[in-house]
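Undergrad: Pasting in a structure now, in structure tokens, and then I'll have a few things to ask.
The values are calculated or read from the model by the stated rules, or taken from the named source; none is laboratory data. The model shown is predicted, which means the values in this text are computed figures rather than measured ones. Cβ: placed from backbone, ideal geometry, glycine included. Neighbour counts: every protein chain shown. SASA here: full protein model, heavy atoms, side chains in, ligands and nucleic acids out. Shrake-Rupley method; radii C 1.70, N 1.55, O 1.52, S 1.80 Å.
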Amino acid sequence: MSEQPGVDPRFPAVFQRGYAGGGETRVEARHDPGATSEGQAPVHGTIGTPPAAAPAAAPSEAVERELIEYEEPRRNPFITAASIMSAALTVGGAWLVYWANSSMNYGWSGDSVPVEVLIRQFGYMVGPSAVTAGLVGIVGLLFWHAAAWRRRAIAAQRHPEPR
């Protein structure tokens, strides 16, 4: 096929080779359920103008009020859960360390190790790690809240509320 100079009226001229700008026209495909594709006449319009649409109905008062009113965003449930877990790990780990060290005069004689000794050894092992994890979580949440506060402060400076 040989290329024909000019613009193919079936497609927007902006996306065709040789487009030089200006007031060229394009074909806007409109669907007419009663007509076949061969029987449809092309509708011409200028580039960059949207097709005429029916006027939009005005929004109801409730929708308009909802768009205007600003609601505080809900709390993030994951941040709330992380706060509770960090506090629980810190307090629980400290209690576990205290409990494991509260009775230093335990001892046993015999072939088997008593269960209480094993539980205290578990407290020695897990307690300090739980306290550390809880404190790291609290410090991390402090930095997260500081970053969120800073984001809101910057957004408030860029987009001040009308008074």
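Undergrad: Take residue 118 and decide whether it is in a helix (DSSP H, G or I) and either open to solvent by 70 Å² or more (accessible area, probe 1.4 Å) or free of Cβ contacts under 8 Å to residues at least 12 places away in the same chain (or both).
TA: It is true that residue 118 is in a helix (DSSP H, G or I) and either open to solvent by 70 Å² or more (accessible area, probe 1.4 Å) or free of Cβ contacts under 8 Å to residues at least 12 places away in the same chain (or both).
Undergrad: I need the full set of residues from segment 122-157 which are open to solvent by 90 Å² or more (accessible area, probe 1.4 Å), over 21 Å from the mean Cα position of the chain (by Cα) and either of a type in the set (S, T, N, Q) or modelled with pLDDT under 95 (or both), in order please.
TA: 122, 125, 157
Undergrad: Quick one: residue 100 ticks every box in (1) touching a Gly at 6+ places or on another chain (Cβ under 9 Å); (2) of a type in the set (A, V, I, L, M); (3) open to solvent by less than 60 Å² (accessible area, probe 1.4 Å); (4) modelled with pLDDT of 90 or more except a single one, so which number is it?
TA: (4)
Undergrad: For residue 160, only one of the following conditions fails: (1) surrounded by fewer than 10 Cβ atoms within 10 Å (Cβ to Cβ); (2) modelled with pLDDT of 95 or more. What is its number?
TA: With respect to (1) surrounded by fewer than 10 Cβ atoms within 10 Å (Cβ to Cβ); (2) modelled with pLDDT of 95 or more, residue 160 is out only on (2).
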